[in-house]
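Report on the following structure.
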Amino acid sequence: MTKKVRAGMCVTASFMAVVFFIIGLAQTQSEQQAENRITIHADKGQHRINKYIYGHFSEHLGRCIYEGYWVGKDSSIKNMHGIRQDVVDALKKIRIPVLRWPGGCFADEYHWKDGIGPKEGRPTMVNTHWGKVTENNHFGTHEFLDLCKQLGCEAYISGNVGSGTVREMQEWVEYSTFDGKSPMADLRRKNGQESAWKLRFFGVGNENWGCGGNMRPEYYADIYRQYQTYVRNFSGNRIYKIACGAYSDNYRWTEVLMKEAGSRMNGLSFHYYTVPGGWGNKNSATEFGEAEWFETLKLSLRMDEFIRKHGTIMDKYDPKKRVGMIVDEWGTWYQVEPGTNPSFLYQQNTLRDALVAALTLNIFNNHCDRVYMANLAQTINVLQALILTQHEKMTVTPTYYVFDLYKVHQDAMLLPVDIQCDRYRYKDDEIPSLSVSASQDRAGKIHVSMCNLDPNNSVEVLCDVRGVQIGKISGKILTHSDMTAHNSFESPERVKPGIFRNFQKKDNRIIIVVPSKSAIVLEINK
Ligand code: AHR
């Protein structure tokens, strides 16, 4: 014990009371002045974070389906019924809840009957959108629904409106889901599948304002009403019907669709990609500096504005929020990796992508009263992929680890969070330094996911948890000293999560030091 403290022990009780009061006051004032504070209202949860927000999208594009999932039964790569097992295991680990297929733009020129029956007899087609390569149709309806079964996830099929008929769409649903006697159900049995599948999600076209037929919203709204009529519920299967929605700030599309067809849909899709540099001058995925880092995160944060604004229009026609917003394509889009086919959209994935995923998932969580599903584009070897493959090699990306860390939010109760934080300033521009969401799972554990978008400064945050007495806390972190860090087949573990300990519990509060350019998830036990 120091002399100073011993001397302090001699002072009178009243003097001590004054000292404690002054110290307490000073502490309270400094806490009030703390620039970074979050308040979690643990007793005010109202909405569940639908697990489908953690969904994915895979198209017949480049090496996503072929090589990514499908290697064929005779491959030396370990597979079940032709589907590689390393990717199935990796996706099961993050509890993939739903998978959207076969496109994308590919969906509106895909004719499902070309992809059933013995493989040798399946006709080929030209994949006109993605490099005009020949599609051999070896991966079709049976293979996709088998993949979903292996993954333990729901299937989301996008139907062909742009170049397909109403009958074709009607028969696809009958083929897949009818368990009685009918021409389509009999054809399915002939092709080896006795029982009907469960098919939960069906999209009536994709980007029909663009690659899916260049339609005006008024025209598509009528077409949607017609096509969806024949998307039937058979044999106890109940289909959640998804209409094609807008891209980015095309609010007129949402207005017309909700007005003319809102009552006939369960979900309305929405697409938005983060394209730093713009469509004509895209960034490199791995060679960038702070300017591109800042631009990418700023563009990604726009997702919040789009959800609010499209959501406001939806509220006008659907105040009870019956229609789900289905963000069925999102993610980063850069230049392809040097030396690869430009139409195959193969890009690397760095810590920057992980932060994009982390902040976007926080946005979706915080809007879970309207956002029912989201599907990151495109799972394997295409755009913001979770997994990269090269022959028998496979590596997971920093984005994969965000889905792994955030899986705790699936189906948990969203907890409202008030955030007060510093700005991350770059040149004459700025964005908030922190992105946060919180939820409580069925076992009562609270999870807080927090990103520090600033690549230069750590952020000290005072986290106040209201409504519960907090107990043991643990944490995980994804970060790296190099903002361009990524995993490759040579160094597959350069970016991976670690244990996070930089927090301190104080009364019912937590002081957290969030390192620069990091995503953390805290688990708080009651
Ligand atoms: O994900 C790549 C493409 O982006 C999809 O095919 C299309 O729907 C969107 O424009």
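Here are a few things to note about the model shown:
- Some residue of the stretch 88-108 being of a type outside the set (Gly, Ala, Ser), away from the ligand (no atom under 15 Å from the Cβ), open to solvent by less than 30 Å² (accessible area, probe 1.4 Å) and touching a Lys or Arg at 6+ places or on another chain (Cβ under 6 Å): yes
- Residue selected from the stretch 355-380 under the condition open to solvent by less than 10 Å² (accessible area, probe 1.4 Å) and assigned to a loop (DSSP other than H, G, I, E, B), by the criterion nearest to the ligand (Cβ to nearest atom): Gln378
- Taking the listed residues Leu462, Leu383, the one that is farther than 14 Å from Ala358 by Cβ, open to solvent by less than 40 Å² (accessible area, probe 1.4 Å) and assigned to a loop (DSSP other than H, G, I, E, B) is Leu383, with no other qualifying.
- Boolean, Tyr317 is more than 16 Å from the ligand (Cβ to nearest atom) and over 21 Å from the mean Cα position of the chain (by Cα): yes
- Annotation: Gly72 fulfils all but one of (1) assigned to a loop (DSSP other than H, G, I, E, B); (2) open to solvent by less than 60 Å² (accessible area, probe 1.4 Å); (3) on the phi < 0 side of the Ramachandran plot; (4) of a type outside the set (Asp, Glu); the unmet one is (3).
- Residue check, Met325 in contact with a His (Cβ under 9 Å, 6 or more places away or on another chain), buried (at least 24 other Cβ atoms within 10 Å of the Cβ) and hydrophobic (A, V, I, L, M, F, W, C): yes
- Any hit, the stretch 242-257, residues being surrounded by fewer than 20 Cβ atoms within 10 Å (Cβ to Cβ), within 19 Å of Thr360 (Cβ to Cβ), of a type in the set (Phe, Trp, Tyr) and within 16 Å of the ligand (Cβ to nearest atom): yes
- In the stretch 414-437, residue surrounded by the most Cβ atoms within 10 Å (Cβ to Cβ) [restricted to those that are hydroxyl-bearing (Ser, Thr, Tyr) and within 25 Å of the chain's Cα centre (by Cα)]: Ser437
- Count of the stretch 109-140 residues, restricted to those that are among the hydroxyl-bearing types (Ser, Thr, Tyr), away from the ligand (no atom under 16 Å from the Cβ) and closer than 19 Å to Gln378 by Cβ, is 0.
- A count restricted to the stretch 330-354 and to residues that are within 15 Å of the ligand (Cβ to nearest atom), open to solvent by 10 Å² or more (accessible area, probe 1.4 Å) and not aliphatic (A, V, I, L, M) stands at 7.
- Residue match in the stretch 390-408 (condition: in a loop (DSSP other than H, G, I, E, B), open to solvent by less than 10 Å² (accessible area, probe 1.4 Å) and either within 16 Å of the ligand (Cβ to nearest atom) or at pLDDT below 95 (or both)): no
- Hits in the stretch 270-284 - residues which are on the phi < 0 side of the Ramachandran plot, more than 15 Å from the ligand (Cβ to nearest atom) and open to solvent by less than 50 Å² (accessible area, probe 1.4 Å): Pro276, Asn283, Ser284
- Within the stretch 126-143, considering residues that are open to solvent by 20 Å² or more (accessible area, probe 1.4 Å) and touching a helix residue (DSSP H, G or I) at 6+ places or on another chain (Cβ under 6 Å), the one farthest from Val166 (Cα to Cα): Gly131
The values are calculated or read from the model by the stated rules, or taken from the named source; none is laboratory data. If you're wondering where the values come from, they're calculated on a predicted model, not measured in any experiment. All Cβ positions, glycine included, derive from the backbone under ideal geometry; neighbour counts span all protein chains shown. We work out accessible area using only protein heavy atoms, side chains counted, and drop any ligands, DNA or RNA first. Shrake-Rupley method; radii C 1.70, N 1.55, O 1.52, S 1.80 Å.
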